[in-house]
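Enquirer: Attaching a single structure in structure tokens format; questions to follow.
The values are calculated or read from the model by the stated rules, or taken from the named source; none is laboratory data. It should be emphasised that the depicted structure is a prediction, and the values quoted were computed from it without experimental measurement. Cβ: placed from backbone, ideal geometry, glycine included. Neighbour counts: every protein chain shown. With ligands, DNA and RNA removed, areas are computed over all heavy atoms of the protein, side chains included. Shrake-Rupley method; radii C 1.70, N 1.55, O 1.52, S 1.80 Å.
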Amino acid sequence: MSLRTGRMLLLVAGASAGLAALMYGPDVLNAWRFMRALDHQSDLVSSDRARELALSCRQCHGGNGISASELYPSLAGQPAGYIAAQLDAFASGRRKAPHMEPLARDLSPVERNLIDGYYAGLAAPAPQSTGAANSRASAQLDSCRACHGKQLRGASSPMIAPRLAGQARGYLIRQLDAFKTGARADPTGTMAAVARGLDPDQVHAIAEALTGL
């Protein structure tokens, strides 16, 4: 094929493409806008459903995901994936809690993920204390950062770990004690090993420090 013939073919192809754009461009654009609108509507429906599902959590975990009681954790600001993983554990019985297990079993995996996304998007609790920590607590907090993030705000990768910063002091103490006694376990066994190495004074100092972060 000659250079002249090649140029002619390119001109014809360009003209055809331009004609197709003129003829079908508005339809393609409208179709794209329609799909965007559907996606937006789907997001709104999912958001509404997530808020609806979270109503059952309000009594213990607070209306904005920040618990008013040290018996229950604040859920707001937890990293994506953490709450869904805990609901899965409750539903399967791998994590024990008489009031949480039946609630989790009543939720589908999709609903657990909706709740997870809802709370991950809420503002985390503000510091509840000065966060004053002695040197023993500071050293222990440094070791926590490997899993829970540099700011102890939780992590979604390489492993899912909860946010500790701003959590209630009493709740943190009970969880560390539960890991220490074996009443609560984590899949890797890391928390049990860490908790067994803490004396009561360290547990209280760590919890106090974390509430202020």
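Enquirer: May I ask you to evaluate 6.51 cos²θ - 1.76 cosθ + 1.60, the Karplus curve with θ = phi - 60°, for each residue of segment 163-177 and list the ³J(HN,Hα) values in order in whole Hz, giving x for glycine and proline?
Expert: 6, 9, 4, x, 6, 5, 4, x, 5, 4, 4, 5, 5, 5, 5
Enquirer: Can you work out the Karplus-derived ³J(HN,Hα) for every residue in segment 73-79? Use 6.51 cos²θ - 1.76 cosθ + 1.60 with θ = phi - 60°, whole Hz, and x for glycine or proline.
Expert: Once θ is set to phi - 60°, the couplings for segment 73-79 become x, 7, 9, 4, x, 5, x Hz.
Enquirer: To continue, here is another question. How many percent of the accessible area of segment 44-107 is carbon or sulfur, using a 1.4 Å probe?
Expert: Looking at segment 44-107 in its full context, I get 55 percent from C and S.
Enquirer: Here's something else I'd like to know. Considering only protein heavy atoms, what per residue accessible area in square angstrom results for segment 72-213 with a 1.4 angstrom probe? Walk me through the intermediate numbers first.
Expert: Numbers: 7050 Å² over 142 residues.
Computed with neighbouring chains in place, this is 50 Å² per residue.
Enquirer: Whose amide H sits under 5 Å from the amide H of L122, counting only residues 5 or more places off or on another chain, with H placed in the peptide plane?
Expert: Here the answer is G77, since their amide H atoms fall under 5 Å of that of L122.
Enquirer: Let me ask you something else. Out of segment 137-204, which trypsin sites (Lys or Arg not before Pro) are coil in DSSP terms and have no more than 14 other C-beta atoms within 10 Å? The partial results should precede the final answer.
Expert: Working: sites: R145, K150, R153, R163, R169, R174, K180, R184, R196; in loops: K150, R153, R163, R184.
Those satisfying the criteria are K150.
Enquirer: By the gyration tensor of its Cα atoms, with a ≥ b ≥ c the square roots of the eigenvalues, what is the shape of segment 128-213: rounded for a/c under 1.5, prolate for a/b over b/c, or oblate? Provide the component values of the computation, followed by the final result.
Expert: Values: a/c = 1.56, a/b = 1.11, b/c = 1.40.
Oblate.
Enquirer: Now for a different question. Using modelled backbone amide H atoms (1.01 Å from N, in-plane), which distant-in-sequence or interchain residues come within less than 5 Å of G81's amide H?
Expert: none
Enquirer: Per-residue HN-Hα couplings for segment 81-86, Karplus 6.51 cos²θ - 1.76 cosθ + 1.60 at θ = phi - 60°, whole Hz, x for Gly and Pro?
Expert: With the stated coefficients, segment 81-86 comes to x, 5, 5, 4, 5, 5 Hz.
Enquirer: Another question, if that's okay. If amide H atoms are built 1.01 Å from N in the plane of the peptide, which residues on other chains or at least 5 residues away come under 5 Å of the amide H of S67?
Expert: Here S74, L75 satisfy the definition.
Enquirer: Here's another thing I want to ask about it. Pop out the carbon and sulfur fraction of the accessible area of segment 112-213 as a percent, whole number, probe 1.4 Å.
Expert: Details: 2850 of 5130 Å².
Carbon and sulfur: 56 percent of the exposed surface of segment 112-213.
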